[in-house]
Amino acid sequence: MRIPKPIRPGDVIGFTAPSFGASTEPYITRFDAALKAFSARGYRLKEMPSCRKGDGLGISTNPKDAARDLMDIYLDPEVSAVISVGGGELMDETISFIDFDRLKEAPPKWYMGYSDNTNFLYPMATRAGVAGIYGPCATGFGKPWEKPEEDAFGILEGTVKTISGYELFELPWDGDSVRKADPLAKYVLSEKKVLRTMVPSEAGLREADAGEQVEFKGKILGGCLDILINLSGTKYGSPFIAGEEDAEVIWLIEACDLSPMSIRRSLWSLRNQGWFEHASGFIIGRPLAAFREDMMGVNQYNAVTDMLGDFGVPIIMDADVGHVSPMMPLVIGADAAVTCRGNEITIRMEI
């Protein structure tokens, strides 16, 4: 696994849109504000044509053109890091035209994004052996920076290697409502984060006792479950890093559009494809569509524990990862150590 070098003021940050672009509001406003923020920190900027396009079908532009932009910006020797403009829906079509073998031979550089960007981050780690940041897309840096944005940029600059969870989070509907009125609004942090940590016992999984410290180590793999289940069974969906097939894995999993039933079915499928055989533990983010939903008795918790409990490793649920803000930026492919006690979680990464 290759860890990209830190970036420094004066370096060039590249932007591209292999999924959605900044062609409509509020994304135009957010992207423009983010560019100003990066520039104010002393960085030079380079936009690819796809950044501002919206002529594609469910994507920024034609997938071949989006892939060409991604390849060109990643291979550009003047560019030190690449940040995806946004998430989206159909980046799987873009990666059909990505030459991962060529990227494997290129000098590694940071790529950052989340959600649909799992399509690139995951095979970059498993096929190309290059670590990437599962963190905010470029438009996420348009708002006033708070701890999550500072953490993410700190990883890019090499000043942050340890990430701790955040005390409060926003309800998805509150955040959407506020940002419709003000695209650059700060987080609406109204809810206290409560982790639900399950640990193995002789009788099966049990909830961790108050004050009990839970620890596990491994390489971080995963991303958005909506994408992982789509990649599984394809050449882009290996459950391990090439050449490190026996490495223990910290599975980072969060869901966007999946219902509780869909989460349960997806985890069943990945389990039966052998994805979790080397799991040392699971970090499960708050789901978006399935948040506090119940479908015939299936909810965001038993959809996970019933499918993953047999592996006999810790499962930390409702972590600050993914689509329910704020999100901890984490490095896919990095060796890491996880410590959790009560509602506090810390991930120390070797980057």
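Just a few scattered comments:
- Matching residues in segment 276-286 - criterion: being assigned to a loop (DSSP other than H, G, I, E, B), touching a helix residue (DSSP H, G or I) at 6+ places or on another chain (Cβ under 9 Å) and open to solvent by 10 Å² or more (accessible area, probe 1.4 Å): GLU277
- Taken over segment 116-164, the residue count meeting the criterion of being within 22 Å of SER232 (Cα to Cα) and among the hydrophobic types (A, V, I, L, M, F, W, C) is 8.
- So ALA37, is it in contact with a Leu (Cβ under 6 Å, 6 or more places away or on another chain), part of a helix (DSSP H, G or I) and of a type in the set (A, V, I, L, M, F, W, C): no
Residues are listed down the side, and each one gets a yes or a no for (1) among the aromatic types (Phe, Trp, Tyr); (2) touching a residue at least 40 places away in the same chain (Cβ under 8 Å); (3) within 22 Å of HIS323 (Cβ to Cβ); (4) out of contact with any Leu (no Cβ under 8 Å at 6 or more places or on another chain):
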{"site": "GLY158", "(1), (2), (3), (4)": "no, yes, no, yes"}
{"site": "GLU170", "(1), (2), (3), (4)": "no, yes, yes, no"}
{"site": "ALA181", "(1), (2), (3), (4)": "no, no, yes, yes"}
{"site": "LYS193", "(1), (2), (3), (4)": "no, yes, yes, no"}
{"site": "GLU202", "(1), (2), (3), (4)": "no, no, no, yes"}
{"site": "GLU207", "(1), (2), (3), (4)": "no, no, no, yes"}
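- Considering segment 297-324, and only residues there that are hydrophobic (A, V, I, L, M, F, W, C) and part of a helix (DSSP H, G or I), the residue that is most open to solvent (accessible area, probe 1.4 Å) turns out to be PHE311.
- Only one of ASP92, ASP99 that is touching a residue at least 60 places away in the same chain (Cβ under 8 Å), surrounded by fewer than 21 Cβ atoms within 10 Å (Cβ to Cβ) and of a type in the set (Asp, Glu): ASP92
- Candidates ASP246, ASP226, ASP182, filtered to the one that is charged (D, E, K, R) and more than 30 Å from ILE351 (Cα to Cα): ASP182
- Here SER39 fulfils each of the conditions (1) touching a Ser or Thr at 6+ places or on another chain (Cβ under 8 Å); (2) hydroxyl-bearing (Ser, Thr, Tyr); (3) over 23 Å from LEU228 (Cα atoms) apart from (1).
- Filter pass, SER19 being polar (S, T, N, Q) and surrounded by 23 or more Cβ atoms within 10 Å (Cβ to Cβ): yes
- With respect to the conditions (1) open to solvent by less than 60 Å² (accessible area, probe 1.4 Å); (2) among the aliphatic types (A, V, I, L, M); (3) out of contact with any strand residue (DSSP E or B) (no Cβ under 7 Å at 6 or more places or on another chain); (4) over 23 Å from CYS224 (Cα atoms), VAL12 falls short on a single one, namely (3).
- Scoring ARG44 on the criteria (1) open to solvent by 40 Å² or more (accessible area, probe 1.4 Å); (2) touching a residue at least 12 places away in the same chain (Cβ under 8 Å); (3) closer than 20 Å to GLY140 by Cβ; (4) not aromatic (Phe, Trp, Tyr) leaves a single failure, condition (3).
- Residue list for segment 61-85, restricted to those being open to solvent by less than 10 Å² (accessible area, probe 1.4 Å) and either in contact with a Ser or Thr (Cβ under 8 Å, 6 or more places away or on another chain) or more than 22 Å from LEU221 (Cβ to Cβ) (or both): THR61, ALA66, ALA67, LEU70, ILE73, VAL79, VAL82, SER84, VAL85
- Per-region count, segment 22-40, residues open to solvent by 70 Å² or more (accessible area, probe 1.4 Å) and either of a type in the set (Asp, Glu) or touching a residue at least 60 places away in the same chain (Cβ under 8 Å) (or both): 2
- Candidate set from segment 188-242 (those that are under 17 Å from ALA336 (Cβ atoms) and among the aromatic types (Phe, Trp, Tyr)); member that is nearest to the chain's Cα centre (by Cα): PHE240
The values are calculated or read from the model by the stated rules, or taken from the named source; none is laboratory data. Keep in mind it's a predicted model, so treat the numbers as computed, not measured. Cβ sites come from the backbone with ideal geometry, for glycine too, and all protein chains shown count toward neighbours. In case anyone asks, the SASA skips ligands and DNA or RNA and just uses the protein heavy atoms, side chains included. Shrake-Rupley method; radii C 1.70, N 1.55, O 1.52, S 1.80 Å.
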